[in-house]
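For reference, the structure discussed in these notes is given below.
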Amino acid sequence: MHPVAESLEKRFAGMFLGSRESLGDLTVYVRAENALEIFRALHDDPEYSYDYIVDVTSVDYPMDPERFEVVYILYSLSRRHRIMVKVRVTEDSPVVDSVVGIWKVAEFM
């Protein structure tokens with residue numbers, strides 16, 4: 001397991017749903033109700049230092065119970081590492097907390 005994913009899994013047990021690594025890129029999956037706490041750690045904690053948000057986008061899986069997936073692409077300038085954080089929500093409650101308070105530029109996205 002990637003060291004960042006392993007650290008997140010230990011620190012946020014129950015909030016962290018899993019991870020995968022493909023071609024050197026790390027993707028982690030987190031619960032929507034805890035995402036903001038995890039994003040704050042990814043930004044503020046020197047262990048992670050994801051100080052730049054590259055993009056926020058979404059995917060629609062119309063046949064899945066958790067229909068919508070919000071995808072955040074973060075980058076650590078000091079560590080030269082990218083991470084994708086994915087959050088799934090249902091059609092009945094398609095809400096995720098805003099990350100604008102952490103990365104101001106996310107307002108543009």
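The values are calculated or read from the model by the stated rules, or taken from the named source; none is laboratory data. Remember, predicted model here, so these are calculated numbers, not experimental data. Note that we place each Cβ from the backbone using ideal geometry, even for glycine, and neighbour counts take in every protein chain shown.
Observations on the structure shown:
- Among the residues of region 44-62, those that are crowded, with 19+ Cβ neighbours inside 10 Å and under 22 Å from MET1 (Cβ atoms) comprise TYR48, TYR50.
- Meets criteria (in contact (Cβ under 8 Å) with a residue 12 or more places away in the chain and farther than 20 Å from MET1 by Cβ) for PRO65: yes
- Selection within region 74-93 - assigned to a loop (DSSP other than H, G, I, E, B) and surrounded by 13 or more Cβ atoms within 10 Å (Cβ to Cβ): ARG79, THR90
- Filtered by the rule that a residue be under 11 Å from the mean Cα position of the chain (by Cα) and closer than 10 Å to LYS86 by Cα, region 58-75 gives GLU69, VAL70, VAL71, TYR72, ILE73.
- Looking only at region 1-30, and only at residues there that are assigned to a helix (DSSP H, G or I) and among the charged types (D, E, K, R), the one that is surrounded by the most Cβ atoms within 10 Å (Cβ to Cβ): GLU9
- Residue within region 31-52 that is within 15 Å of the chain's Cα centre (by Cα), under 21 Å from VAL95 (Cβ atoms), in a strand (DSSP E or B) and modelled with pLDDT of 95 or more present: no
- Residue in region 89-103 that is closer than 13 Å to LEU8 by Cα and at pLDDT 95 or above present: no
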